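Chemist: The structure under discussion is supplied below as structure tokens; questions concerning it will follow.
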């Protein structure tokens, strides 16, 4: 399922912006739900052509192959957030910086990343 809205007319500080809500579900042949992912994303381009993005997702995974024929193994429910920003890409030199953080709901497992691609 995908639901989104894009606004291409400049409004206020934004040149354009987009919001999206996505839902993805997967099942095995026996009807067992093996993966579900819900994601909310927003992206905006400012009047000076700089951009910003925010994303929040929730994922739940069950692996039917990990125990090699045994019962399905439930992985962590994972909550992930991402923030990114970039300078004007139409310039000769531009930069992008993004950071994300993910945390498992049922224990203290976390993962953080800062990236400048």
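The values are calculated or read from the model by the stated rules, or taken from the named source; none is laboratory data. On a predicted model such as this, the values are computed, not experimentally measured, just so you know. Every residue, glycine as well, gets a Cβ built from its backbone with ideal geometry; the counts of neighbours run over all protein chains shown.
Chemist: Across segment 96-117, what is the total count of residues that are out of contact with any strand residue (DSSP E or B) (no Cβ under 7 Å at 6 or more places or on another chain) and under 15 Å from residue 52 (Cα atoms)?
Modeler: 0
Chemist: Something else about it: Out of the residues in segment 58-72 meeting the condition of being more than 30 Å from residue 45 (Cβ to Cβ) and assigned to a strand (DSSP E or B), tell me which one is farthest from the chain's Cα centre (by Cα).
Modeler: 63
Chemist: I would also like to ask the following. Name the one entry in 54, 102 that is within 22 Å of residue 39 (Cα to Cα) and modelled with pLDDT of 95 or more.
Modeler: 54
Chemist: Being in contact (Cβ under 8 Å) with a residue 12 or more places away in the chain, in a strand (DSSP E or B), farther than 23 Å from residue 75 by Cβ and over 17 Å from the mean Cα position of the chain (by Cα) is the filter here, so list the residues in segment 1-47 that pass it.
Modeler: 6, 14, 15, 16, 45, 46
Chemist: Next question, about the same structure. Of all the residues that make up segment 25-38, how many are under 12 Å from residue 60 (Cα atoms) and surrounded by 13 or more Cβ atoms within 10 Å (Cβ to Cβ)?
Modeler: Number of matching residues: 6.
Chemist: Out of all the residues in segment 60-98, which are farther than 30 Å from residue 33 by Cα and either surrounded by 12 or more Cβ atoms within 10 Å (Cβ to Cβ) or in contact with a helix residue (DSSP H, G or I) (Cβ under 6 Å, 6 or more places away or on another chain) (or both)?
Modeler: Once the filter is applied, which keeps residues that are farther than 30 Å from residue 33 by Cα and either surrounded by 12 or more Cβ atoms within 10 Å (Cβ to Cβ) or in contact with a helix residue (DSSP H, G or I) (Cβ under 6 Å, 6 or more places away or on another chain) (or both), segment 60-98 yields 84, 85, 86, 87, 88, 89, 94, 95, 96, 97, 98.
Yes or no, residue by residue, for (1) assigned to a strand (DSSP E or B); (2) in contact (Cβ under 8 Å) with a residue 40 or more places away in the chain:
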| residue | (1), (2) |
| --- | --- |
| 74 | yes, no |
| 80 | yes, no |
| 88 | no, yes |
| 93 | no, no |
| 97 | yes, no |
| 103 | yes, no |
| 113 | yes, no |
